[in-house]
Amino acid sequence: LALGNETLPRTLHLSEPTPRVNWSAGTVAPLMEARPWPRRQEGTRRAAVSSFGMSGTNAHVVLEEAPAVAPPPEDAPVHTPPAAGDLVPWPLSARGATALAAQAARLADHLEACPGLSPADVGHTLATARADLPDRAVLLGSDTDGFRDALRALAEGRGTDAAVLGHVRERAKTALVFPGQGSQWVGMAVSLMDTVPEFAERIDQCQKAFAPHGLDWTLTSVLRGEPGAPNLDRVDVVQPVLFAVMVALADLWRLHGLRPSAVVGHSQGEIAAAHVAGALSLEDAAHVVVARSRLFASLVGRGSMVALELSPDEAAERIRPWEGRISLAVVNGPGTVVVAGDNEAVAELTASCEAQGLSVRRVVDDVASHSPQVEELREDLLAVLSGIRPRPTRVPLYSTVTGERIDGTDLDAEYWYGNLR
């Protein structure tokens, strides 16, 4: 209080100029009177407060003055209270209709006990100093008599045109889903890089995280389609690029207030999900996606994938004639799967399905992802990813490898091999 009021109060503990006690005369020096303690142009005011208790129990605190608040400019708009006759909102909230009616009754009683209250002041207090509970009422009025009548009607369960009732829906849970390869398109993210500085900054951070890995291209040159930059057909280009765009988009959603209740990612999209969940640092995530895509490039041209509108059991039966050459790669849902295998076998399966009128769609990818072909990459992938350090997640992460929620600490090299296989 002394700091805030810029005044040292009259005190028992100091006298002016020094304590002079004359016990025989029964007199002491006069107490120190209140004195100004103003702010200074230089230096900071501090107050030490000590409390000495019984048995040597002491407490001490040092308080420092708060920064000076500049006065509002002379042309700043001035808030004026509502004029007489203006409508003022009074928000009420409670947990349950019974509690809401009881609150209305209490407030009506208070108005009768304190007839001089300002409607604007009451509305301000109700709006800013009360809990936001799910059952709500908003009363509109211009004077306390009108508000009291509306409150009585609300308390007694009678309808009134002066009140609007409602129930707040619980906040919906939101999941961020990070797709695998195939979600890319030429020109993606370019307009965001040019118009949203925060998005562009996150893309730049990803580009710097890729730099130690000796790429023969830069992230921004690929996104902008600059001359000499590779296109998105290369697996060792598209996967890191997609990772960066997804990570930057997740940050953009967060900038606009979206806090995911959970994250999940498919295939290489799970690397981005793991980073957004907090399980992988940006540097570790960049290492995983670059190393994974580089090794994956050695399989290009040797296999293919097709999507079938079949259940997993039906698909397993359908591919049985090509056992060892085609395998179930992805279960997307109860009635849709992806199978992968060598090119000739997949072509034969496609022709067989089409001849029987079954829905079959080639996946635009010349690699047999998540198939036995991946097994030859295992040792190299485990070796190159041995240095990553997964951490516990900050956001719930659901694994598309296990189908369960994971805490993030299991996302080591062996996990990322399992993700690829």
| When only residues in region 272-314 that are more than 36 Å from the chain's Cα centre (by Cα), surrounded by fewer than 20 Cβ atoms within 10 Å (Cβ to Cβ) and of a type outside the set (Lys, Arg) count, which is nearest to residue 356 (Cα to Cα)? | 314
| task | Identify the single condition in (1) farther than 30 Å from residue 397 by Cα; (2) not in a helix (DSSP H, G or I) that residue 221 does not satisfy, given that it satisfies every other one. | result | (2)
| request: Among the residues of region 166-207, write down those that are open to solvent by 100 Å² or more (accessible area, probe 1.4 Å) and within 19 Å of the chain's Cα centre (by Cα). | output: 170, 171, 173, 177, 201
| field | Filtered residue count, region 208-218, keeping only those that are free of Cβ contacts under 8 Å to residues at least 24 places away in the same chain, among the small types (Gly, Ala, Ser) and not in a loop (DSSP other than H, G, I, E, B) | value | 1
| Can you tell me which residue in region 232-255 is surrounded by the most Cβ atoms within 10 Å (Cβ to Cβ), limited to those that are part of a helix (DSSP H, G or I) and acidic (Asp, Glu)? | 236
| If you scan region 256-271, which residues turn out to be open to solvent by 10 Å² or more (accessible area, probe 1.4 Å), assigned to a loop (DSSP other than H, G, I, E, B) and under 20 Å from residue 400 (Cα atoms)? | 260, 261, 266, 267
| task | Could you tell me which numbered condition residue 337 fails, if it satisfies all but one of (1) in the same structural domain as residue 392 (by the TED database); (2) within 21 Å of residue 184 (Cα to Cα); (3) not small (Gly, Ala, Ser)? | result | (1)
| request: Mind listing whichever residues of region 45-75 are surrounded by 10 or more Cβ atoms within 10 Å (Cβ to Cβ) and in a loop (DSSP other than H, G, I, E, B)? | output: 45, 65
| query | In region 129-146, which residues are surrounded by 15 or more Cβ atoms within 10 Å (Cβ to Cβ) and over 7 Å from residue 93 (Cα atoms)? | reply | 138, 139, 140, 141, 142, 144, 146
| query | When the residues of region 88-128 are filtered to those that are within 30 Å of residue 170 (Cβ to Cβ) and in a loop (DSSP other than H, G, I, E, B), which remaining residue is least open to solvent (accessible area, probe 1.4 Å)? | reply | 96
| query | Quick check, is residue 249 in contact with a Phe, Trp or Tyr (Cβ under 9 Å, 6 or more places away or on another chain), under 30 Å from residue 394 (Cα atoms) and at pLDDT below 95? | reply | no
| query | Of 310, 280, which residue is out of contact with any Asp or Glu (no Cβ under 8 Å at 6 or more places or on another chain), more than 23 Å from residue 238 (Cβ to Cβ) and not in a helix (DSSP H, G or I)? | reply | 310
| remark: Considering residues that are of a type in the set (Asp, Glu) and within 30 Å of residue 306 (Cβ to Cβ), the number found within region 164-212 is 0
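The values are calculated or read from the model by the stated rules, or taken from the named source; none is laboratory data. Note that the structure is predicted; figures quoted are calculated from it, not measured. Here Cβ is always computed from backbone atoms with ideal geometry, including for glycine, and neighbour counts include all displayed protein chains. Calculation scope for accessible area: heavy atoms of the full protein, side chains included, ligands and nucleic acids excluded. Shrake-Rupley method; radii C 1.70, N 1.55, O 1.52, S 1.80 Å.
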